[in-house]
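The values are calculated or read from the model by the stated rules, or taken from the named source; none is laboratory data. Here the structure is a predicted model, which means the values were calculated and not measured. Here the Cβ is made from the backbone with ideal geometry for all residues, glycine too, and neighbour counts use every protein chain on show.
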Amino acid sequence: MANAVFIQANPGQLLGAKISAYSFRRNARRSDSFTVHIMDVRDHPRLVQPGQTIMRGGERRAWDPDDLQSFTPLRFLPPQQMGFEGRAVVTDPDVFAVGDVGELFARDLGDKPIWAVPRPGHNGRADYVATSVMLLDCARLGHWRFDHDLDELFEGRLDYLEWIELRREDPAAVGHLEPEWNSFDRLTPRTRLLHTTKRRTQPWKTGLPVDYTLRTKGGVLDVLRRLRARRYQRHPDPNQEALVYSLLAEMVDAGEVDRAELEREMAANHLRHDSLELIERWRGWEMPAAA
């Protein structure tokens, strides 16, 4: 049975996706037991076409192909890419493996083809599950026809939130992963997949101008929030910065990324401008042992 990791990406998050891909291979006991693929929105013309609109929460919204999270529909591509066979793990590009993803591939999925971490109360939904990391049994997801659903999205017949939040799926088909498999900005000895989900504190972007859509409801507090959010902030956990840059240092040493690429990413404001110094600072870093 084929196993694969799929990482969503766009130009603004491509380097993050490359670090993520490296982390999955690096921390697997058997990295030859699965493949890793980066799904770039630029390979899907419909996602980068300007001037489109979508339905989101019952309202017509402009689709911004340059938004930091323009890759999110790609969460539903892997079963089709796999020919509706085998198992897939799909993640956002700001998810980094600390543990062995092989443990997910070996899991007994029972009668549930979709597995994800529940996040009760998020977005006002008691039954919310985070599709930013999913374990998929592709053979049982034949109804995930990505090209058809993408047409439905941009033609206004499929609401973005209903798609992303799995509202069209039978709740009985969704299993719950343990929190450590999508650990939201929390790095502990139990963490298996770290998700730097708070976009404004992504460790490799500190100090850069914000390049994502800030959704607000209006009012004075939201105006103040928008002003504070103009630039990425330092992550409150220095270990998460250290993790990302120690991985990047290993990639540089292994020749998987070179200085020229890093300089291009810094010039494009996709990578913080002190990254070369941070690579040297965190080279060889190891996760502190539990107290």
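For the range 234-291, which helices (runs of 4 or more DSSP H) that fit wholly inside it have 1 or more residues that are buried (at least 18 other Cβ atoms within 10 Å of the Cβ), of a type in the set (V, I, T) and at pLDDT 95 or above?
It comes to 238-253, 275-282.
So, L150, is that one touching a helix residue (DSSP H, G or I) at 6+ places or on another chain (Cβ under 6 Å) and either outside any loop (DSSP other than H, G, I, E, B) or not assigned by TED's automatic domain parsing to the domain that holds L187 (or both) or not?
yes
Just checking, which of V95, V133, V90, V101 is surrounded by 17 or more Cβ atoms within 10 Å (Cβ to Cβ) and in contact with a Pro (Cβ under 8 Å, 6 or more places away or on another chain)?
Result: V90 is the single residue among V95, V133, V90, V101 that is surrounded by 17 or more Cβ atoms within 10 Å (Cβ to Cβ) and in contact with a Pro (Cβ under 8 Å, 6 or more places away or on another chain).
Quick one: how many residues across the range 101-118 are touching a residue at least 40 places away in the same chain (Cβ under 8 Å), touching a Phe, Trp or Tyr at 6+ places or on another chain (Cβ under 9 Å) and part of a loop (DSSP other than H, G, I, E, B)?
2
How do the pairs read when you match residues in the range 120-148 that are free of Cβ contacts under 8 Å to residues at least 40 places away in the same chain and farther than 26 Å from V101 by Cα with residues anywhere that are outside any strand (DSSP E or B) and among the aromatic types (F, W, Y), using Cβ under 9 Å and keeping only pairs 6 or more apart or on different chains?
Close Cβ pairs (under 9 Å, with a partner that is outside any strand (DSSP E or B) and among the aromatic types (F, W, Y)) amount to G121/Y128.
Yes/no matrix, rows are residues, columns are (1) of a type in the set (V, I, T); (2) in contact with a Leu (Cβ under 7 Å, 6 or more places away or on another chain); (3) at pLDDT 95 or above:
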site: V95; (1), (2), (3): yes, yes, yes
site: F105; (1), (2), (3): no, no, yes
site: P113; (1), (2), (3): no, yes, yes
site: A116; (1), (2), (3): no, yes, yes
site: R119; (1), (2), (3): no, no, no
site: A130; (1), (2), (3): no, no, yes
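Given the conditions (1) at pLDDT 95 or above; (2) more than 18 Å from the chain's Cα centre (by Cα), and given that A126 satisfies all but one, which numbered condition is not satisfied?
Unmet for A126, out of (1) at pLDDT 95 or above; (2) more than 18 Å from the chain's Cα centre (by Cα): (1).
What do you reckon, is G110 more than 18 Å from H195 (Cα to Cα), out of contact with any Cys (no Cβ under 9 Å at 6 or more places or on another chain), surrounded by fewer than 16 Cβ atoms within 10 Å (Cβ to Cβ) and among the small types (G, A, S)?
Yes: the conditions hold for G110.
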